[in-house]
């Protein structure tokens with residue numbers, strides 16, 4: 001996933017410009033009369049604790065990124081994903097998902113090692129070995145049927161495991177809701193992956209191998225979005241940003257306990 | 001994530017739970033005795049009917065009120081979202097109205113849609129008039145709660161949806177149903193249909209309806225009276241319940257947020273009866289917060305957002321969220337809806353207003369028409385004392401009352417679903 005997403009970033013800068021310009025164009029210029037004091041304001045409830053409160057010093061940036069991701073999804077990413085889902089048989093989609101999950105076992109493996117989690121190391125190794133061989137290069141997932149449940153570790157969790165604070169909430173372009181720690185961890189995992197791929201260099205004897213690699217990365221990005229059900233603003237709930245911020249933070253906090 | 005598709009995942013997802021329980025010996029197999037537990041847990045998967053093998057669905061985005069001006073803060077709202085499930089042959093069409101704060105894809109709506117589809121009906125699901133998307137895109141006055149106005153809005157939506165699909169599907173008859181608040185609204189929509197005669201609904205089913213919204217809201221709000229410090233401390237309550245869940249998670253041998261974890265929460269009796277009630281009250285507050293905010297913005301009402309303030313797409317809304325969660329629907333009725341109606345009918349007394357929030361005003365019609373049916377439960381906590389008998393009086397033997405199930409907890413139980421679908425036969 002990492003490399004794929006990194007490549008997608010190249011496209012983003014340009015799109016962001018375009019979309020921000022579009023955004024500005026639609027900004028309302030309606031001017032209301034002077035504001036009038038409100039019937040119920042926040043000071044009235046200052047004797048209670050705040051709900052779903054997560055520290056968010058970069059809220060303005062995050063809200064903008066949240067909106068940007070919505071537009072990126074709407075005008076680019078999701079149409080591509082829909083096209084992929086339309087032309088590809090479900091069985092093939094499943095195989096693609098399995099393949100990239102299997103590649104992702106490498107990340108889980110070394111991060112489990114970093115965290116000295118022996119059981120996870122063994123299970124992940126077992127999964128990778130099983131699915132790469134019996135699962136025909138990872139296209140199938142027999143390991144789960146054999147009782148080896150998928151584990152999930154990344155460098156962000158490794159940092160958390162060794163006591164690094166999660167840092168502020170951060171909505172990353174395309175990737176979506178993160179914390180500074182998880183976003184940093186993602187970058188490290190991407191770097192490690194880059195080095196591994198560069199070392200193995202699977203297409204060294206193929207002419208224009210980098211194009212194939214790029215295609216694989218793009219496919220991975222599409223597969224990643226295909227697997228995610230989340231759609232920005234889909235709940236229609238005006239406070240979705242706050243609920244989602246809370247839930248995603250809480251979830252990663254809980255996962256870190258394991 | 002329906003409005004709470006966006007719900008507080010840790011509690012409301014309890015609905016996924018597989019439960020094994022011993023049924024009381026009354027010939028009814030729904031296993032969960034408690035009203036609150038049933039409401040939160042719903043129906044265990046193994047007691048549901050099998051879903052249809054495949055279902056043909058199209059998302060409708062309706063431009064119901066073409067002249068509407070949407071403020072920037074709702075920039076993502078592109079029109080009213082409804083869902084059509086269509087047969088490839090001539091069949092009756094059932095409209096389904098969602099309950100309080102729910103959209104066209106909420107769990108209960110989808111369950112009804114699938115069962116109806118499997119039985120051979122076309123289905124169009126409609127969001128509740130209390131759902132933000134509806135308030136913004138389909139409500140003429142943007143103030144939900146008045147049953148007559150809501151019915152007119154719903155009727156307009158149904159006509160718009162029908163106009164959009166009638167070239168593509170063959171329909172023999174029209175039916176109508178709704179659950180919770182949507183059930184109550186279905187009665188008013190049917191009444192309007194007697195005058196307008198666009199659909200001539202042959203049958204109308206109300207599932208766990210409120211008899212009077214004001215009474216029901218009072219009862220839901222009471223659930224919060226018992227939390228420490230009362231409803232004003234709902235934020236502290238939320239946080240303490242969250243801490244409780246976190247501690248539970250830390251202790252146990254869980255990894256994923258799956259059925260096993262939720263099952264464990266249920267079995268461990270982590271939350272007391274009063275706490276469960278509080279969680280139900282809290283989830284209603286979270287839902288109504290979205291409604292209050294959306295309406296206030298659309299009307300420039302000055303209730304929680306200062307009048308004449310223009311919010312942009314990326315303005316922080318956290319403070320408004322906090323305020324809205326602290327306001328009950330009783331606040332909304334008394335301070336927002338009632339004054340709004342007073343502007344139209346200056347003579348309207350408080351008692352008349354409260355009566356207008358229920359079935360009483362159209363009881364003559366309901367009694368005289370044979371097209372209605374009701375399904376509800378003995379222990380549905382949104383019904384005030386006497387209201388169940390009132391339903392029996394109104395609808396006679398077309399009232400189906402189950403001994404338990406809380407508020408909609410047993411909706412997906414196989415007996416209930418069989419009865420639900422069979423009603424339209």
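Can you tell me which of (1) in contact with a helix residue (DSSP H, G or I) (Cβ under 7 Å, 6 or more places away or on another chain); (2) in a loop (DSSP other than H, G, I, E, B); (3) closer than 30 Å to residue A:164 by Cβ is the one residue A:194 doesn't meet? Failing condition for residue A:194: (2). Within the option set B:244, B:222, B:269, being assigned to a loop (DSSP other than H, G, I, E, B), surrounded by fewer than 22 Cβ atoms within 10 Å (Cβ to Cβ) and either more than 7 Å from chain A (Cβ to nearest Cβ) or touching a residue at least 40 places away in the same chain (Cβ under 8 Å) (or both) holds for one residue only, B:269.
Residues checked against (1) modelled with pLDDT of 95 or more; (2) within 14 Å of chain B (Cβ to nearest Cβ); (3) surrounded by fewer than 17 Cβ atoms within 10 Å (Cβ to Cβ):
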{"residue": "A:166", "(1), (2), (3)": "no, no, no"}
{"residue": "A:194", "(1), (2), (3)": "no, no, yes"}
{"residue": "A:207", "(1), (2), (3)": "no, no, yes"}
{"residue": "A:231", "(1), (2), (3)": "no, yes, yes"}
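Annotation note: of A:155, A:239, the sole residue that is within 14 Å of chain B (Cβ to nearest Cβ) and crowded, with 17+ Cβ neighbours inside 10 Å is A:239. When you look at residue B:252, is it within 14 Å of chain A (Cβ to nearest Cβ) and within 22 Å of the chain's Cα centre (by Cα), yes or no? So residue B:252 does not fit the description; no. Consider residue A:74 against the criteria (1) facing chain B (nearest Cβ under 10 Å); (2) closer than 29 Å to residue A:253 by Cα; (3) in a helix (DSSP H, G or I): it satisfies all of them except one. Which criterion is unmet? Condition (2) is where residue A:74 drops out. Taking the criterion of being farther than 14 Å from residue B:101 by Cβ, assigned to a loop (DSSP other than H, G, I, E, B) and within 13 Å of chain A (Cβ to nearest Cβ), the only residue of the range B:130-144 that qualifies is B:138. The residue that is nearest to the other protein chains (Cβ to nearest Cβ), among those in the range B:52-74 that are within 19 Å of residue B:296 (Cα to Cα) and touching a residue at least 24 places away in the same chain (Cβ under 8 Å), is B:72. A count restricted to the range B:286-331 and to residues that are closer than 20 Å to residue B:238 by Cβ, part of a helix (DSSP H, G or I) and more than 9 Å from chain A (Cβ to nearest Cβ) stands at 5.
Given the structure, is residue B:310 surrounded by fewer than 18 Cβ atoms within 10 Å (Cβ to Cβ) and in contact (Cβ under 8 Å) with a residue 60 or more places away in the chain? Criteria met by residue B:310.
Among the conditions (1) more than 22 Å from residue A:100 (Cβ to Cβ); (2) buried (at least 19 other Cβ atoms within 10 Å of the Cβ); (3) in contact with a strand residue (DSSP E or B) (Cβ under 9 Å, 6 or more places away or on another chain); (4) touching a residue at least 40 places away in the same chain (Cβ under 8 Å), residue A:186 misses just one, which is (1). Within the range A:243-258, residues that are more than 7 Å from every other protein chain (Cβ to nearest Cβ) and within 10 Å of residue A:160 (Cα to Cα) sit with their Cβ atoms under 6 Å from residues that are crowded, with 18+ Cβ neighbours inside 10 Å and modelled with pLDDT of 85 or more, at 6+ positions apart or across chains, in these pairs: A:256/A:160.
Yes or no, residue by residue, for (1) surrounded by fewer than 24 Cβ atoms within 10 Å (Cβ to Cβ); (2) in a helix (DSSP H, G or I):
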site: B:128; (1), (2): no, no
site: B:148; (1), (2): yes, yes
site: B:161; (1), (2): yes, yes
site: B:184; (1), (2): no, yes
site: B:205; (1), (2): no, no
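Is it the case that residue A:20 is at pLDDT below 90, more than 10 Å from chain B (Cβ to nearest Cβ) and under 25 Å from residue A:251 (Cα atoms)? No, not satisfied.
Residues that are touching a residue at least 24 places away in the same chain (Cβ under 8 Å) and within 16 Å of residue A:112 (Cβ to Cβ) within the range A:128-150 comprise A:128, A:148, A:149, A:150, listed in sequence order. Residues that are over 20 Å from the mean Cα position of the chain (by Cα) and part of a strand (DSSP E or B) were ranked within the range B:86-106; the one that is farthest from residue B:282 (Cα to Cα) is B:91. The conditions of being without any contact (Cβ under 8 Å) to a residue 12 or more places away in the chain and either assigned to a helix (DSSP H, G or I) or closer than 24 Å to residue B:295 by Cβ (or both) are not met by residue B:77. Within the range B:225-240, the residues that satisfy the criterion of being within 14 Å of another protein chain (Cβ to nearest Cβ), within 29 Å of residue B:350 (Cβ to Cβ) and part of a helix (DSSP H, G or I) are B:231, B:232, B:233, B:234. Does the range A:51-68 contain any residue that is surrounded by fewer than 16 Cβ atoms within 10 Å (Cβ to Cβ), at the interface with chain B (Cβ under 9 Å from one of its Cβ atoms) and without any contact (Cβ under 8 Å) to a residue 12 or more places away in the chain? Yes, the range A:51-68 has at least one match. Residue B:382 - would you say it is out of contact with any strand residue (DSSP E or B) (no Cβ under 8 Å at 6 or more places or on another chain) and closer than 27 Å to residue A:53 by Cα? Against the criterion (out of contact with any strand residue (DSSP E or B) (no Cβ under 8 Å at 6 or more places or on another chain) and closer than 27 Å to residue A:53 by Cα), residue B:382 does not qualify. Mind checking whether some residue in the range B:338-357 is assigned to a loop (DSSP other than H, G, I, E, B) and either within 11 Å of chain A (Cβ to nearest Cβ) or in contact (Cβ under 8 Å) with a residue 12 or more places away in the chain (or both)? Checking the range B:338-357: at least one residue is assigned to a loop (DSSP other than H, G, I, E, B) and either within 11 Å of chain A (Cβ to nearest Cβ) or in contact (Cβ under 8 Å) with a residue 12 or more places away in the chain (or both).
The values are calculated or read from the model by the stated rules, or taken from the named source; none is laboratory data. Here the structure is a predicted model, which is why all the values come from computation and not from measurement. Please note: Cβ atoms are built from the backbone with ideal geometry, for glycine as well, and neighbour counts cover all protein chains shown.
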